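Here the structure is laid out as structure tokens; the discussion comes afterwards.
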Amino acid sequence: MTDDVALLLRRTGFGPTANELAAARRAGYTATLAALTTPTGPDIGATRAPVPPLGPDPYVGTPEPTPAQRVEADGRRRAQASSLTQWWLDRMTVADQQAVEKLLFFWHGHWATSIVKVKSPQLMLAQHLTLRESRDFRDMAHRMIVDPALVYWLDGQLNSREAPNENLAREFFELFTLGLGQYTESDVQQAGLALTGWWIDLAGRRSGFDPRRHHDGASSILGVTRHFTTDSLADLVLDQEACPRFVAARLWHRYASSTQPIPERTREQMVAAFPEPLPMLRVLLADETFPSTRATMVKQPVEWLVGALRQLGLRPATLPAETVTGLLDGLGGLGQRPFAPPSVGGWPAGVAWLTSAAARLKLSLAGKLASQLSPERMTPEEVAHLLCVDTWTDRTYEVLRGTTNSRLMLTLGLVSPEYQVT
């Protein structure tokens with residue numbers, strides 16, 4: 001059904017353009033799903049947004065900075081962080097392989113790491129590239145458990161045989177691979193010992209291992225007793241039956257419904273495709289239960305903004321600097337600035353994004369976007385076509401029909417319930 005194709009594009013990407021939606025409807029659901037989840041060749045659109053040259057971290061080479069040097073270095077870090085964030089938003093907007101870019105945003109929220117604590121834009125970019133380059137979930141987990149930004153975020157560089165801590169071990173079990181109820185406190189403590197000895201090289205943008213700081217005895221974890229390395233610990237966790245089931249449920253939560261539980265049959269079929277994320281996602285999106293999740297998801301602020309940029313034909317790289325600053329600050333105000341999730345648990349979902357304060361801020365941001373256009377007079381139907389909205393409710397239609405200002409009509413369309421709920 002054509003409505004299902006529209007739902008597919010909205011969930012797998014940041015928001016289809018009218019031309020993309022028309023082409024997908026002509027191709028049909030099955031062909032569109034295959035194209036989205038089996039990308040071939042380079043992403044031509046994404047090549048228009050190359051990775052920015054951040055340069056070195058301002059604190060590298062200054063082991064004991066003066067107060068004045070700290071002020072200057074912090075200012076340069078903020079500028080680098082803004083450049084990094086603007087780049088990714090721009091890439092999200094121009095990328096042709098929308099399902100790949102959206103899945104990367106999912107992983108960013110899954111392995112939630114914030115620059116607010118990490119500080120270094122270089123480490124955050126290195127983590128981003130690690131997520132982008134990982135072959136599958138197994139490869140990703142092995143890379144992420146020693147990722148310098150994640151290690152620093154969870155105090156892993158302070159974890160030594162003399163002063164062990166369990167922060168990284170706990171979150172690796174609970175939030176990243178297994179979920180609550182699949183391990184004991186003893187497992188966490190013992191895994192913390194297995195993860196001792198890592199340190200951060202800021203200049204090299206990497207983590208390093210010091211065997212002198214590592215617990216060299218045996219540990220008992222998830223029913224296995226041995227001398228664990230970081231890799232063997234990751235393998236043990238990844239081999240647990242709970243791991244692919246957990247990943248499947250997380251994908252369902254972000255792509256299908258944040259309120260309806262994943263059907264057991266759907267989960268088992270997704271587990272069979274583990275550890276490949278796109279095949280797991282393809283199973284979910286091809287499942288007969290997926291269309292029934294329509295109107296159960298609220299667009300996250302990044303989805304909402306990037307979708308609006310794409311549909312209005314705008315991109316951060318070509319907008320005035322002050323407008324881009326306003327958009328980045330707006331995402332911060334909405335609670336979802338890329339590279340700065342609020343906690344290791346990532347961002348919320350669902351109605352958490354629908355507050356009166358968020359409505360006012362979105363209205364302001366939508367106005368900023370509409371102000372970049374000089375549209376001819378539009379009808380409510382033309383606005384719906386441009387924003388890929390299936391149909392307006394009678395209430396929204398009356399509001400839109402009551403204005404003759406096309407910029408205002410676009411602004412109101414972008415903050416309508418029909419646009420924000422998928």
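Of all beta bridges DSSP finds with both residues in the chain, what is the antiparallel percent, to the nearest 5?
Numbers: 8 of 8 bridges.
Taking every DSSP beta bridge with both residues in the chain, the antiparallel ones total about 100 percent.
Rounded to the nearest 500 deg cm²/dmol, what is the calculated helix-only ellipticity per residue at 222 nm for the chain, with -39500 (n - 2.57) per DSSP H run of length n ≥ 4? Write out the running numbers ahead of the final one.
Details: 22 runs with 227 residues, N = 422.
After summing the helix terms and dividing by the residues of the chain, the value is -16000 deg cm²/dmol.
Can you list the residues, at least 5 places off or on another chain, whose amide H is less than 5 Å from the amide H of S207, using H built in the peptide plane?
D201
In square angstrom, what is the accessible area per residue of the stretch 1-57 with a 1.4 angstrom probe?
Working: 2750 Å² over 57 residues.
For the stretch 1-57, the per-residue accessible area is 48 Å².
Given that compact globular proteins tend to follow 2.2 N^0.38 Å, what is the ratio of the alpha-carbon Rg of the stretch 118-260 to that value?
Working: Rg = 15.2 Å, N = 143, 2.2 N^0.38 = 14.5 Å.
Expressed relative to 2.2 N^0.38 Å, the Cα Rg reads 1.05.
Which of the aspartates and glutamates could be linked to K117 by a straight reach, that is with a Cα gap under 17 Å, when you skip same-chain ones fewer than 8 residues away?
D57, D74, D147, D155, E171, D201
I'd like the GluC sites (Glu not before Pro) in the stretch 85-174 restricted to DSSP loop residues with at most 14 other Cβ atoms within 10 Å, sorted by number.
On the way: sites: E101, E133, E162, E166, E171, E174; in loops: E162, E166.
Passing both the DSSP loop test and the Cβ count: E162.
Scan the chain and report its longest stretch carrying no trypsin sites (Lys or Arg not before Pro) that are both in a DSSP loop and have at most 16 other Cβ atoms within 10 Å.
Working: sites that count: R135, R161, R377.
Of all site-free stretches, the longest is 162-376.
Just read off the accessible area of L168 with the full protein assembly in place, 1.4 Å probe, to the nearest 10 Å².
Counting only protein heavy atoms, L168 exposes about 10 Å² to solvent.
If I take every Cα pair under 8 Å that is 6 or more residues apart in the chain, average their sequence separation and divide by the length, what percent do I get for the relative contact order? Write out the running numbers ahead of the final one.
On the way: 584 pairs, mean separation 78.9, N = 422.
Once divided by the residue count of the chain, the mean separation gives 19 percent.
Please list log₁₀ I(q)/I(0) at q = 0.12, 0.14 Å⁻¹ for the stretch 252-331, using the Debye equation with identical point scatterers on the alpha-carbon positions.
Log10 of I(q)/I(0), two decimals: -0.52, -0.64.
Can you list the lysines whose alpha carbon sits under 18 Å from that of K299, skipping same-chain ones fewer than 8 residues off?
The reachable lysines, counting only those whose Cα sits under 18 Å from K299, are K102, K362.
Taking 0.36 nm per residue of sequence separation and subtracting the Cα-Cα distance, how much length would be gained by fully extending the chain between D3 and E382, in nm to one decimal? The partial results should precede the final answer.
Details: separation 379, 0.36 × 379 = 136.44 nm, distance 1.79 nm.
Additional length available on full extension: 134.6 nm.
Under the Karplus relation 6.51 cos²θ - 1.76 cosθ + 1.60, θ = phi - 60°, what is the ordered set of whole-Hz ³J(HN,Hα) values for the stretch 173-187, x standing for Gly and Pro?
Rounded to whole hertz, the list is 6, 6, 9, 9, 9, 10, x, 4, x, 9, 7, 10, 4, 5, 4.
What is the projected area of the convex hull of the Cα atoms of the stretch 49-175, averaged over all directions, in nm²?
The directionally averaged projection comes out at 9.2 nm².
From the phi of every residue in the stretch 238-245, what ³J(HN,Hα) in whole Hz does the Karplus formula 6.51 cos²θ - 1.76 cosθ + 1.60 yield, where θ is phi - 60° and glycine or proline is x?
Coupling constants for the stretch 238-245: 5, 7, 6, 4, 5, 5, x, 5 Hz.
So, with a 1.4 angstrom probe, what is the percent of accessible area on the stretch 211-348 that is carbon and sulfur? Write out the running numbers ahead of the final one.
Working: 2820 of 5410 Å².
Ligands and nucleic acids excluded, carbon and sulfur give 52 percent.
What does the extension gain come out to for E72 and D239, with contour length at 0.36 nm per residue minus their alpha carbon separation?
Working: separation 167, 0.36 × 167 = 60.12 nm, distance 4.74 nm.
Result: 55.4 nm gained on full extension.
Could you look at the stretch 89-163 and say what percent of its accessible area is carbon and sulfur, using a 1.4 Å probe and all protein chains? Working shown, then result.
Values: 1140 of 2160 Å².
Heavy-atom surface of the stretch 89-163 belonging to carbon and sulfur, 1.4 Å probe: 53 percent.
Under 8 Å for C-alpha pairs, at least 6 residues apart: give me the relative contact order for the stretch 380-422, rounded to a whole percent. Please report the intermediate quantities before stating the final value.
Details: 26 pairs, mean separation 19.8, N = 43.
It rounds to 46 percent for the stretch 380-422.
On a full-extension model of 0.36 nm per residue, what is the gain between T38 and D139, subtracting their alpha-carbon distance, rounded to one decimal in nm?
On the way: separation 101, 0.36 × 101 = 36.36 nm, distance 1.90 nm.
Going from the current span to full extension adds 34.5 nm.
The values are calculated or read from the model by the stated rules, or taken from the named source; none is laboratory data. In this text the structure is predicted, and so the values were computed from the model without any measurement. Reconstructed Cβ throughout: ideal geometry from the backbone, glycine too, with neighbour counts over all protein chains shown. These accessible areas exclude ligands, DNA and RNA; they are computed on the full protein's heavy atoms, side chains included. Shrake-Rupley method; radii C 1.70, N 1.55, O 1.52, S 1.80 Å.
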